[in-house]
Amino acid sequence: MQWFKDAKLGIFLHWGIYSVNGIDESWSFYNEYLTYDEYMKQAQGFTAEKYDADSWAALIKESGAKYAVLTTKHHDGMALWDTRQGDMSVVKQTPADRDLVGPYCEALRSKGIKVGLYYSLLDWSNPNYPNFTKSQKRYEDDSVCWNDFVKFNLSQIKEISTLFNPDLVWFDGDWEQSAEKWHAPEIRQMLLDNNPNVIINSRLQGYGDYATPEQGIPVVQPKDEYWELCMTMNDSWGYQPNDHNCKPVNLIIRIFADVISMGGNLLLDIGPKPDGTIAEEQVSALKALGRWTHKHAKAIYGTLPGIPKDCYYGASTMSADSTVIYLFLPSNPKSQAPNPKQIRNSKSSNHNTTQSPNHPTTQSPNQQILLKGVANSIATVYVLGNGTKLEQKTWLKPWWSGNPGLVSIEIPSSAMDEEMTVVAIQLEGKLALKF
């Protein structure tokens with residue numbers, strides 16, 4: 001699990017025929033927003049004609065992600081590879097007419113990125129699966145049909161394991177059946193037999209390796225040693241052109257900092273279009289995220305959870321040897337910064353101003369952070385990514401007291417990152433806390 005624990009950031013890719021009409025993946029027919037036949041007509045428009053796995057991998061690497069997870073098959077049963085278990089695949093049913101998973105795996109590996117594959121245990125299209133829509137069932141108790149489905153499911157899982165040898169398998173849909181019915185122990189053992197180092201998420205009814213909270217950041221650090229928050233960039237997993245509720249990059253970074261401060265990973269989702277391209281706003285967001293992750297890599301990858309929130313009222317991480325504390329200090333979002341054009345217009349209309357367009361009078365003041373409970377002497381404090389040395393002052397530490405005191409650190413506005421500043425505190429020795 002070590003690479004997973006150190007990775008911190010992954011990219012989720014929900015890609016399937018549901019991107020053609022830009023509707024909810026699988027759930028749109030299950031919840032009877034449209035008929036199953038109408039849903040499946042989308043297959044005719046799934047071309048993947050501009051799919052370039054190498055450009056996907058380059059973008060994922062630029063974002064700072066160390067692994068990615070692609071939906072090889074969602075609950076609608078449409079496989080993105082040339083499955084031998086029937087005709088439900090984009091190879092046989094869509095104009096894409098080719099395997100889409102293999103190129104993705106090869107491209108990621110060429111960039112040194114770990115390969116994750118999503119697989120839905122349930123399959124609402126399979127005639128041997130009991131559930132179809134929320135009001136329709138195929139059967140209640142039919143051991144022959146169920147055994148046939150289990151045989152089909154195990155065969156497909158074995159295919160993605162042997163054909164693509166993923167580093168991580170991301171199961172979904174396990175809530176509809178028990179571990180016994182899914183044959184969860186057998187699935188786990190089959191994957192491990194093929195690759196003893198494979199990692200499995202928690203959605204295998206108790207037979208996975210790490211927890212997967214979804215769309216909701218934990219308020220306190222989870223008890224699980226390994227966990228991953230999966231989160232959409234807007235409000236949709238797959239491509240939906242009408243969903244413009246994209247999270248600002250500043251918010252994504254703040255959520256990411258909170259997650260890694262509690263020892264978790266962030267699996268950030270994007271939804272490619274039916275032609276294989278990625279929406280510009282998602283590309284821009286990943287590039288902006290990448291600027292920040294590459295600048296602050298030391299505070300992200302391979303770090304430990306930070307100090308308690310009572311010691312610093314914000315997100316923090318710690319170096320693997322526990323000698324450096326990294327404090328995350330949010331900046332004002334760029335969207336709130338003055339518009340240079342507006343500043344120039346203001347200057348031209350006011351001949352008495354001495355303000356420069358590059359130095360607006362609304363420039364942010366210096367920021368101060370407070371640190372409590374750290375018993376170590378501090379060797380040095382600096383801004384990560386630009387090296388600016390910072391002064392520290394210790395208060396409430398009389399000579400006769402063993403109290404660690406209150407450390408104040410001031411960061412000049414000129415050293416602040418446009419999204420989130422990271423302050424590195426080099427300790428003398430390993431971290432020692434005193435309350």
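Results, tabulated for the structure shown:
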{"quantity": "Of residues in segment 406-435 being β-branched (Val, Ile, Thr) and closer than 23 Å to Phe256 by Cβ, the one surrounded by the most Cβ atoms within 10 Å (Cβ to Cβ)", "calculated": "Ile425"}
{"quantity": "Answer residue from segment 186-243, given it is hydrophobic (A, V, I, L, M, F, W, C) and assigned to a helix (DSSP H, G or I) and is nearest to Val169 (Cα to Cα) among those", "calculated": "Leu191"}
{"quantity": "Of residues in segment 1-26 being hydrophobic (A, V, I, L, M, F, W, C) and either touching a helix residue (DSSP H, G or I) at 6+ places or on another chain (Cβ under 9 Å) or in a loop (DSSP other than H, G, I, E, B) (or both), the one surrounded by the fewest Cβ atoms within 10 Å (Cβ to Cβ)", "calculated": "Met1"}
{"quantity": "Enumerated strands (runs of 3 or more DSSP E) restricted to segment 375-435, each holding at least 3 residues that are in contact with a strand residue (DSSP E or B) (Cβ under 6 Å, 6 or more places away or on another chain) and not aliphatic (A, V, I, L, M)", "calculated": "392-395"}
{"quantity": "Verdict on Lys151 being surrounded by fewer than 19 Cβ atoms within 10 Å (Cβ to Cβ) and touching a residue at least 12 places away in the same chain (Cβ under 8 Å)", "calculated": "no"}
{"quantity": "Residue in segment 263-282 that is surrounded by the most Cβ atoms within 10 Å (Cβ to Cβ), counting only those that are under 15 Å from the mean Cα position of the chain (by Cα) and over 18 Å from Lys66 (Cβ atoms)", "calculated": "Gly271"}
{"quantity": "Total residues in segment 27-76, condition assigned to a loop (DSSP other than H, G, I, E, B), surrounded by fewer than 24 Cβ atoms within 10 Å (Cβ to Cβ) and touching a helix residue (DSSP H, G or I) at 6+ places or on another chain (Cβ under 9 Å)", "calculated": "9"}
{"quantity": "Counted residues, segment 367-387 - those being of a type in the set (Ser, Thr, Tyr) and at pLDDT below 95", "calculated": "1"}
{"quantity": "Unique residue being among the hydroxyl-bearing types (Ser, Thr, Tyr), closer than 25 Å to Tyr30 by Cα and in contact (Cβ under 8 Å) with a residue 24 or more places away in the chain when the list is Tyr129, Tyr119", "calculated": "Tyr119"}
{"quantity": "Complete set of residues in segment 214-236 that are at pLDDT 95 or above and either surrounded by 16 or more Cβ atoms within 10 Å (Cβ to Cβ) or hydroxyl-bearing (Ser, Thr, Tyr) (or both)", "calculated": "Tyr226, Trp227, Glu228, Leu229, Cys230, Met231, Thr232, Met233, Asn234, Ser236"}
{"quantity": "Filter result for Glu159 (on the phi < 0 side of the Ramachandran plot, assigned to a helix (DSSP H, G or I) and touching a residue at least 40 places away in the same chain (Cβ under 8 Å))", "calculated": "yes"}
{"quantity": "Residue within segment 245-258 that is over 30 Å from Pro95 (Cβ atoms), in the same structural domain as Ser26 (by TED's automatic domain parsing), part of a loop (DSSP other than H, G, I, E, B) and over 16 Å from the mean Cα position of the chain (by Cα) present", "calculated": "yes"}
{"quantity": "Filtered residues of segment 61-77 (kept if farther than 14 Å from Trp170 by Cβ and touching a strand residue (DSSP E or B) at 6+ places or on another chain (Cβ under 7 Å))", "calculated": "Ser63, Gly64, Ala65, Lys66"}
{"quantity": "Enumeration of residues in segment 84-96 that are more than 19 Å from Leu13 (Cβ to Cβ) and among the polar types (S, T, N, Q)", "calculated": "Gln85, Gln93"}
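Let's see how each residue does on (1) surrounded by fewer than 20 Cβ atoms within 10 Å (Cβ to Cβ); (2) within 22 Å of Asp6 (Cα to Cα); (3) under 27 Å from the mean Cα position of the chain (by Cα):
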{"site": "Gly112", "(1), (2), (3)": "yes, yes, yes"}
{"site": "Val115", "(1), (2), (3)": "no, yes, yes"}
{"site": "Tyr129", "(1), (2), (3)": "no, no, no"}
{"site": "Trp146", "(1), (2), (3)": "yes, no, no"}
{"site": "Trp170", "(1), (2), (3)": "no, yes, yes"}
{"site": "Lys181", "(1), (2), (3)": "yes, no, no"}
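The values are calculated or read from the model by the stated rules, or taken from the named source; none is laboratory data. These numbers were taken from a predicted model, which means no experiment stands behind them. Quick reminder, even Gly has a Cβ in these numbers, built from the backbone with ideal geometry, and neighbours come from all protein chains shown.
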